[in-house]
Amino acid sequence: MRIFDPHIHMTSRTTDDYEAMHAAGVRAVVEPSFWLGQPRTSPASFLDYFDALLGWEPFRAAQYGIAHHCTLALNPKEANDPRCVPVLDELPRYLVKDQVVAVGEIGYDSMTPAEDTVLAAQLQLAADHALPALVHTPHRDKLAGLRRTLDVVRESALPPEHVLLDHLNETTVKEAKDSGGWLGFSVYPDTKMDEERMVAILRQYGSEKVLVNSAADWGRSDPLKTRRVGDAMLANGFTEDDVDLVLWRNPVAFYGISGRLALDPEGTSATGATHEGNSILRGGE
């Protein structure tokens, strides 16, 4: 089983996770930029973070045979903080980087006017750079949030088939599918989807343009949830081709819109390899 996790925050995970993910079949990931768990106080903290997603994390992933790409954006939560909004002026010079395969995460957190403005601006940036967009649908009041998102997408220059609507569930999947966008589902303990609910949605709505991710971060999450979904699909009568479509070919097709996917991880083995003079080893061998 080959797996592409299209939404996982590896900055908050350990190298043990990379090792376990590779053993489970994960060969590629996309890491969307997101908030850090506490407020950033200036655009400069975003820039250091973006640089890490473009440098250190791809290096770290490559040591475990995993290709790493990222999406960059001002995330919805921090779109409400005037100290952070000037990072929009810096984004264009980052969106031309080879490992950036979409603008994201963008979308809504609390559905404020500030979030409206920032979402529209970043959809335009995606259109200007011929990139798709990864859209975070809100965790609260999800259907209203999806509808508001779709209104802004329809008014933008970005076609709906270049938009991945993420964090969907049973209440939002039909309208998301009807929009013509790609459908993203986060399988995450307690607060989002689980494997059996995901299988039920695939039975009802099919596998076309469906992406499944772990959204793993510093919370109670599981970077092997993609594999668990694949196993659940097989146990419930789906074919290996169905699994490959959802866990590999669909994310390759969506992020391939960027023209930048490189699915052979660069780098060498962990022993002796460095990134800007630093290795992932501590204390030698």
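The values are calculated or read from the model by the stated rules, or taken from the named source; none is laboratory data. Keep in mind that this is a model prediction, so the values were computed, not measured. Note: ideal-geometry Cβ built from the backbone for every residue, glycine included; neighbour counts use all protein chains shown.
Worth pointing out:
- Criterion: under 16 Å from Val29 (Cα atoms), surrounded by fewer than 23 Cβ atoms within 10 Å (Cβ to Cβ) and in contact (Cβ under 8 Å) with a residue 24 or more places away in the chain - qualifying residue of Asp217, Asp190: Asp217
- Scanning segment 77-89 for residues that are within 27 Å of Pro251 (Cα to Cα) and at pLDDT 95 or above yields a total of 3.
- Failed condition for Arg197, given (1) farther than 27 Å from Glu115 by Cβ; (2) surrounded by fewer than 20 Cβ atoms within 10 Å (Cβ to Cβ); (3) under 16 Å from the mean Cα position of the chain (by Cα): (3)
- Hey, Asp141 among the acidic types (Asp, Glu) and under 26 Å from Pro113 (Cα atoms) or not: yes
- Residue within segment 85-94 that is in contact with a helix residue (DSSP H, G or I) (Cβ under 9 Å, 6 or more places away or on another chain) and at positive phi present: no
- Residue count for segment 152-185 satisfying the condition of being touching a residue at least 40 places away in the same chain (Cβ under 8 Å) and charged (D, E, K, R): 1.
- Against the numbered list (1) exposed (fewer than 15 other Cβ atoms within 10 Å of the Cβ); (2) in contact (Cβ under 8 Å) with a residue 12 or more places away in the chain, Asp241 comes up short only at (2).
- Here Ser221 meets the list (1) part of a helix (DSSP H, G or I); (2) under 22 Å from Asp190 (Cβ atoms); (3) among the polar types (S, T, N, Q) almost entirely, failing just condition (1).
- Scan of segment 45-85 for residues that are small (Gly, Ala, Ser) and under 17 Å from Phe4 (Cα atoms), ordered by number: Ala61, Ala62, Gly65, Ala67
- In segment 128-152, the residues that are over 20 Å from His9 (Cβ atoms), among the hydrophobic types (A, V, I, L, M, F, W, C) and in contact with a helix residue (DSSP H, G or I) (Cβ under 8 Å, 6 or more places away or on another chain): Ala130, Leu143, Leu146, Leu150, Val152
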